[in-house]
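Input: a single structure, listed below in structure tokens.
The values are calculated or read from the model by the stated rules, or taken from the named source; none is laboratory data. These numbers come from a predicted model, not from an experiment. A quick note on method: Cβ atoms are made from the backbone with ideal geometry, for glycine too, and the neighbour counts reach across all protein chains shown.
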Amino acid sequence: MKNIIYYTIGALLLFPVMAFEAFGIDIDNFRNDVLRPENLPAGTAALDAPVESKINAILQFSTNLVLYTSGAVAVFFLVVGSIRYITSLGSQDRMDGAKKTIKYAIIGLLAVILAFAIVTNVIDLIFRSTV
């Protein structure tokens, strides 16, 4: 079972590399054609932005990345717990383990949702008062 999970994670981590190869994109083409400030939606205004807005953007990106990733992990464990419950075949020990997995996944998902709301409001309050 662990080998299947490891193979799946490895394949998912290699998927962007395979997709770039399929479309004929290498890192040099990406840097030259895509990763240029004039191609950004904000244009050069992002380069001239004040430091506070750059810090705000970095904080929002990093918190969103952490919160979305942890939310995805919580949903993944909710699915894993559900599959374990379905495949327990009436074994009480396996059902109890699956119920614990589901319970903790739901608690984790609620914690992520509350953390997202709190962090979003705190960042908004901090940067609303400084700008």
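Here are a few things to note about the model shown:
- Put simply, of A46, A98, A115 the only residue that is surrounded by 11 or more Cβ atoms within 10 Å (Cβ to Cβ) and either acidic (D, E) or at pLDDT below 80 (or both) is A46.
- V131 meets each of the listed conditions (1) at pLDDT 85 or above; (2) of a type in the set (V, I, T); (3) farther than 27 Å from I9 by Cβ apart from (1).
- Single residue of A98, A74 found to be closer than 28 Å to I9 by Cα and touching a Leu at 6+ places or on another chain (Cβ under 6 Å): A74
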